[in-house]
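Q: Quick one: the structure is below, questions incoming.
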Amino acid sequence: MNPTHFDAIIIGSGAGGSAAAWQLARAGRTVLVLERGGTLARDGSTLNVDKVVHEGAFKSREVWRDGRGGTLVPEEYFNLGGKTKWYGAALLRFGAGEFAAEPARGLTGWPIVQADLAPYYAEAEQLLGVREFPCEPDLQRIAARLGHRGWQLAPLPMGLAAGILDDPDEARHFDGFASVRGFKADAETALLDRVRDLSNLTVLTGSRVEALIGAPGAPRRITGVRLTTGETYHGAAVLLAAGALHSPRLLQRYLRDSDLASRLPCAPAVGANLKLHLLTALIAMSPSRKTDLLRKTRILLNDRFPHSSVQPLGFDSELIATLVPRLVPRWIAGLVGQRAYGFFLQTEDGSDPRNRVVEGSSGEQPTLDYEAARSGPALAEHRALIRALRLDLARSGHVSFAERIPPSGTAHACGTLAAGTDPVTSVVDATGRVRGLEGLYVVDGSVLSRSSRVNPSLTIYAWSLRVAGQIALHQRAAA
């Protein structure tokens with residue numbers, strides 16, 4: 001096997017990158033996975049509250065511009081398995097209606113329907129060991145009181161091993177932490193590890209891609225990548241899986257350097273339509289101590305808010321105390337944490353081309369230009385959601401406070417290389433290929449035309465399995 005030429009080069013090892021690697025390697029393709037970060041240690045540090053929460057030891061330190069003259073540091077992670085190592089393991093399918101356009105809300109449709117992803121959703125759920133856990137007593141009591149006000153409790157499919165219940169430390173620290181014992185079905189554990197020993201798969205960590213490479217004299221055909229170290233690798237297909245903040249930057253850089261930025265019809269849409277979900281953390285307190293272990297076992301829905309959902313935070317009293325405003329003495333915060341339940345409120349964001357990621361010119365910082373107010377209907381629903389839930393919690397005997405998650409909290413970033421049918425406003429077609437370019441595909445959250453009201457992880461896995469499967473079939477037929 002040529003050590004510098006592969007059937008497929010995958011940039012990134014998160015949900016999309018690892019799913020594509022599993023699919024292509026299993027199909028006999030020669031695959032190279034390039035991960036910017038390293039492999040996380042299993043020494044317990046990824047479960048340490050001080051290191052993970054207070055020090056932010058595992059987060060990226062990359063400084064961006066914010067579009068208003070200031071700066072921010074997005075909450076990004078660079079490590080094998082990507083953000084899936086840190087996510088809260090909620091794995092839900094998008095609803096059938098969430099693939100269609102809703103122009104009144106600024107929601108653009110997918111180039112596929114839910115049925116096209118159905119077999120890949122099922123495959124991803126099997127690979128990730130998705131299961132439901134029983135609703136625990138404290139959450140059951142809260143939900144029972146809210147049920148009289150239109151809140152419906154539904155099972156929350158989780159990518160967690162059943163054995164996590166026998167390890168209280170892991171069970172209390174899975175939401176926002178990386179599992180040491182492999183209880184969380186992250187991309188590395190559930191997918192890469194299954195094919196790691198195959199001779200046709202190469203995984204290189206600490207390998208940051210600097211540029212895409214085009215064919216000499218034919219820049220519309222992508223043939224490989226160059227690392228910041230100067231090494232080059234070539235492949236019949238290159239798959240962008242670096243995430244919605246980073247994949248568009250690579251493409252913007254290539255279009256600029258190859259002089260295609262003014263000639264490719266979809267070029268203005270590259271990096272545009274950034275969606276972050278409108279997110280709020282809410283803490284509900286009552287006199288009784290809360291003793292639920294996992295907590296994140298059910299999702300709350302309400303017909304009054306069709307584009308929103310409410311999930312419990314998988315946080316124990318120690319972690320909830322970290323969400324109490326810093327002005328409150330820490331001993332009081334500790335008491336609050338023991339009597340509180342955390343919730344994560346999210347509303348589907350609209351698509352606005354002004355919300356965008358922009359790669360900086362040489363030596364300049366990249367820009368994350370995002371304003372929730374640009375998605376007016378989404379912001380209105382989210383504010384109404386917060387008010388309604390706080391009022392209904394108050395009526396059920398809970399005092400609450402809420403804090404909006406700022407744009408720097410990029411857990412659900414998506415849409416910056418959106419898939420669609422319009423050759424100008426969408427960057428990716430129904431096969432995952434970048435419009436106007438040969439050999440370049442996108443398999444991360446960048447493609448999400450809509451972000452839906454639930455977490456995007458399972459949909460990214462499913463999309464990637466579908467795209468990678470089609471690439472493998474095409475390459476076999478062409479051989």
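Q: So which of GLY409, GLY397 is on the phi > 0 side of the Ramachandran plot, modelled with pLDDT under 95 and surrounded by fewer than 19 Cβ atoms within 10 Å (Cβ to Cβ)? Talk me through it step by step, then tell me what you get.
A: Numbers: GLY409 fails: on the phi > 0 side of the Ramachandran plot.
After applying the criteria, what remains is GLY397.
Q: Ok, one more. Search region 247-259 for residues that are outside any helix (DSSP H, G or I) and pair each with any residue that is surrounded by 18 or more Cβ atoms within 10 Å (Cβ to Cβ) when their beta-carbon atoms are under 8 Å apart and the residues are at least 6 apart or on different chains.
A: From region 247-259, the pairs are SER258/GLY214; SER258/PRO219; ASP259/PRO219.
Q: A further question on this structure: Could you list, in sequence order, the residues of region 120-151 that are in a helix (DSSP H, G or I), within 25 Å of the chain's Cα centre (by Cα) and among the small types (Gly, Ala, Ser)?
A: Pass one, region 120-151, residues in a helix (DSSP H, G or I): 120-127, 137-149.
Next, only the ones that are within 25 Å of the chain's Cα centre (by Cα) stay: 120-127.
The answer is ALA122, ALA124.
Q: Look through region 73-101, keep the residues that are small (Gly, Ala, Ser), outside any loop (DSSP other than H, G, I, E, B) and touching a residue at least 24 places away in the same chain (Cβ under 8 Å), and return whichever of them is farthest from ILE299 (Cα to Cα). Please lay out each step first, then the result.
A: Narrowing region 73-101 to residues small (Gly, Ala, Ser): 81-82, 88-90, 95-97, 100-101.
Filter again for outside any loop (DSSP other than H, G, I, E, B), leaving 82, 90, 96-97.
Still in the list and also touching a residue at least 24 places away in the same chain (Cβ under 8 Å): 82, 90.
Working: GLY82: 25, ALA90: 10 Å.
Out of the qualifying residues, it is GLY82.
Q: When you look at GLY314, is it small (Gly, Ala, Ser), under 21 Å from the mean Cα position of the chain (by Cα) and either buried (at least 21 other Cβ atoms within 10 Å of the Cβ) or at pLDDT below 95 (or both), yes or no? Talk me through it step by step, then tell me what you get.
A: Numbers: small (Gly, Ala, Ser): yes; under 21 Å from the mean Cα position of the chain (by Cα): yes; either buried (at least 21 other Cβ atoms within 10 Å of the Cβ) or at pLDDT below 95 (or both): yes.
Considered against the rule, which asks whether it is small (Gly, Ala, Ser), under 21 Å from the mean Cα position of the chain (by Cα) and either buried (at least 21 other Cβ atoms within 10 Å of the Cβ) or at pLDDT below 95 (or both), GLY314 comes out as yes.
Q: Is there a residue being assigned to a helix (DSSP H, G or I), among the hydroxyl-bearing types (Ser, Thr, Tyr) and touching a strand residue (DSSP E or B) at 6+ places or on another chain (Cβ under 8 Å) anywhere in region 312-333? Lay out the reasoning, then the answer.
A: First, pick out the residues of region 312-333 that are assigned to a helix (DSSP H, G or I): 317-323, 330-333.
Filter once more, keeping what is among the hydroxyl-bearing types (Ser, Thr, Tyr): 317, 322.
From what's left, touching a strand residue (DSSP E or B) at 6+ places or on another chain (Cβ under 8 Å): 317.
Among the residues of region 312-333, at least one is assigned to a helix (DSSP H, G or I), among the hydroxyl-bearing types (Ser, Thr, Tyr) and touching a strand residue (DSSP E or B) at 6+ places or on another chain (Cβ under 8 Å), which makes the answer yes.
Q: Kindly provide the set of residues from region 53-72 that are at pLDDT 95 or above and either more than 22 Å from ASP369 (Cβ to Cβ) or part of a helix (DSSP H, G or I) (or both), ordered by number.
A: Across region 53-72, the qualifying residues are ALA57, PHE58.
Q: Still on this structure, I have one more. Among the residues that make up region 235-254, is at least one of them under 25 Å from LEU24 (Cβ atoms) and more than 25 Å from the chain's Cα centre (by Cα)?
A: Yes, region 235-254 contains at least one residue that is under 25 Å from LEU24 (Cβ atoms) and more than 25 Å from the chain's Cα centre (by Cα).
Q: Report every pair of residues separated by at least 6 positions or lying on different chains whose Cβ atoms are under 6 Å apart, first residue within region 158-178 and in contact (Cβ under 8 Å) with a residue 60 or more places away in the chain, second part of a loop (DSSP other than H, G, I, E, B) and of a type in the set (Asp, Glu).
A: ARG172/ASP316
Q: From the list ALA267, ALA190, which residue is modelled with pLDDT of 95 or more and surrounded by fewer than 21 Cβ atoms within 10 Å (Cβ to Cβ)?
A: Numbers: ALA190 fails: surrounded by fewer than 21 Cβ atoms within 10 Å (Cβ to Cβ).
Only one candidate passes the filter, namely ALA267.
Q: Please give the number of the condition ALA190 fails out of (1) over 25 Å from the mean Cα position of the chain (by Cα); (2) in a helix (DSSP H, G or I); (3) more than 16 Å from GLY314 (Cβ to Cβ).
A: Condition (1) is where ALA190 drops out.
The values are calculated or read from the model by the stated rules, or taken from the named source; none is laboratory data. The structure displayed is predicted, hence computed values, not measured ones. Note: ideal-geometry Cβ built from the backbone for every residue, glycine included; neighbour counts use all protein chains shown.
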